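What follows is one structure encoded as structure tokens, with my remarks underneath.
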Amino acid sequence: MGMDPTKLFIEFLFGMVGTGYFMYGRKAGNMIALCCGLGLGIFPYFVDRMAFILLVGGLLIAIPFVLKNR
């Protein structure tokens, strides 16, 4: 089975956002952003279905914004 270009692009975008979250979290001492950044960088290797990649990636991107307001 070949690699779907759309899936590869989505994984790349989540990886870039994850890198940004990780760098911000490390510099600011924000453990939530740091953990979400790690999760965004790692989870696409373990999730195969596009719907789950979008769901988990969207949740990991939203978590720091939701928990920031609390």
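Summary of values
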| quantity | calculated |
| --- | --- |
| Residue in the stretch 41-62 that is under 8 Å from the mean Cα position of the chain (by Cα) and farther than 25 Å from residue 5 by Cβ present | no |
| Filter pass, residue 19 being at pLDDT below 95 and more than 8 Å from the chain's Cα centre (by Cα) | no |
| Filtered residues of the stretch 1-11 (kept if surrounded by fewer than 17 Cβ atoms within 10 Å (Cβ to Cβ) and touching a helix residue (DSSP H, G or I) at 6+ places or on another chain (Cβ under 9 Å)) | 4, 6, 7, 10 |
| Residue count, the stretch 24-46 (criterion: buried (at least 17 other Cβ atoms within 10 Å of the Cβ) and within 16 Å of residue 9 (Cα to Cα)) | 4 |
| Subset tally (residues that are in a helix (DSSP H, G or I) and charged (D, E, K, R)) for the stretch 52-70 | 1 |
| Residues satisfying the stated conditions in the stretch 7-51, i.e. outside any helix (DSSP H, G or I) and of a type in the set (A, V, I, L, M) | 47 |
| The stretch 3-15 residues that are over 11 Å from residue 57 (Cβ atoms), paired with ones that are in a helix (DSSP H, G or I) and modelled with pLDDT of 90 or more (beta carbon under 8 Å, 6 or more apart) | 4/50; 6/50; 7/50; 7/53 |
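The values are calculated or read from the model by the stated rules, or taken from the named source; none is laboratory data. What you are looking at is a predicted structure, and each value in this text was computed from that prediction instead of being measured. Every residue, glycine among them, receives a Cβ derived from its backbone with ideal geometry; neighbour counts consider all protein chains shown.
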